[in-house]
Amino acid sequence: MIIAVASDHGGYELKKAVKEHLVGRGIKVVDLGTSNTDSVDYPIYGKACAEAVASGKAELGMVFCGTGIGISIAANKVKGIRCGLVTSVEMATLTKQHNNANMLAMGGRTTSVDLAIQMTDAWLDTEYEGGRHQRRVDMLDEM
Ligand code: RB5
């Protein structure tokens with residue numbers, strides 16, 4: 001599996017920690033930047049990661065900014081992207097079960113590394129439930 005990751009400066013450190021964890025799980029990670037904590041604009045990185053997922057270059061994507069809010073908004077503007085901003089393991093689980101989220105967003109200034117890793121694993125290890133959720137996911141994908 002290939003997962004694309006991207007962040008702005010506010011999410012850079014958390015991205016680095018999550019990326020290490022993904023590699024440790026045997027996942028191939030494509031890092032689309034940023035590559036340090038110098039100030040950059042999160043829409044550029046959210047869009048790049050979302051386009052990698054939407055085009056099929058990566059199966060899933062993970063994005064990080066200070067809060068996860070701006071970069072998730074950017075990602076969700078790309079057609080076919082369902083990016084869930086998560087702050088708990090329950091949210092990470094539900095965004096796979098119900099939304100079949102193909103991207104996950106987290107805040108580097110609001111989330112500990114430990115929680116980020118737990119949420120990442122919950123998202124990756126949970127199955128999409130389909131069924132009644134498929135109609136809604138189809139509606140999202142048509143937007
Ligand atoms: C950058 O300072 C900050 O605004 C950004 O990382 C993010 O939190 C925006 O939603």
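The values are calculated or read from the model by the stated rules, or taken from the named source; none is laboratory data. Bear in mind that the values here come from a model prediction, so they are computed numbers and not experimental data. Quick reminder, even Gly has a Cβ in these numbers, built from the backbone with ideal geometry, and neighbours come from all protein chains shown. Side chains are part of the model used for accessible areas, which takes the heavy atoms of the whole protein and leaves out ligands, DNA and RNA. Shrake-Rupley method; radii C 1.70, N 1.55, O 1.52, S 1.80 Å.
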Classify segment 15-78 as rounded, prolate or oblate from the Cα gyration tensor: take a ≥ b ≥ c as the square roots of its eigenvalues, call it rounded if a/c is under 1.5, otherwise prolate when a/b beats b/c and oblate if not. oblate
Hey, got the dipole for segment 1-102? About the Cα centre, +1 on K and R Cβ, -1 on D and E Cβ, debye to the nearest 20? 340
What percentage of the solvent-accessible surface of segment 57-143, computed with a 1.4 Å probe over protein heavy atoms, is contributed by carbon and sulfur atoms? 54
Shape of segment 1-129, Cα gyration tensor, a/c cut at 1.5: rounded
Lys/Arg +1, Asp/Glu -1 at C-beta; the chain dipole; positive extreme among THR34, ALA58, SER88: ALA58
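Per residue of the chain, what 222 nm ellipticity follows from adding -39500 (n - 2.57) for every DSSP H run with n ≥ 4, rounded to the nearest 500?
About -14000 deg cm²/dmol.
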Between SER55 and GLU13, Cβ-based FRET efficiency (R0 22 Å, step 0.05) works out to 0.20
On a full-extension model of 0.36 nm per residue, what is the gain between THR37 and ARG25, subtracting their alpha-carbon distance, rounded to one decimal in nm? 1.8 nm
For LYS15, go through the lysines and keep the ones whose alpha-carbon is under 17 Å away, minus same-chain ones fewer than eight residues off. LYS28, LYS47
Highest-MSF residue in the chain out of SER55, SER72, SER35 [GNM, Cα springs under 10 Å]: SER55
Excluding VAL89 itself, what net charge comes from residues whose Cβ is under 14 Å from its Cβ, given Lys and Arg +1 and Asp and Glu -1? -3
Centre separation in Å (Cα based) which lies between segment 32-98 and segment 101-143: 10
For every other residue with a beta carbon closer than 12 angstrom to the beta carbon of VAL137, add +1 if it is Lys or Arg and -1 if Asp or Glu, then tell me the sum. +1
Summed over the other residues with a beta carbon less than 13 angstrom from that of ILE117, with K and R at +1 and D and E at -1, the charge totals 0
If amide H atoms are modeled at 1.01 Å from N in the peptide plane, then the residues at a separation of 5 or more from ASP31, or on another chain, having amide H under 5 Å from its own are VAL5
Protection proxy (average C-beta count within 10 Å per residue), highest first, orders 91-102, 110-121 as 91-102, 110-121
Residue-normalised accessible area of the chain, given per residue in Å² at a 1.4 Å probe: 49
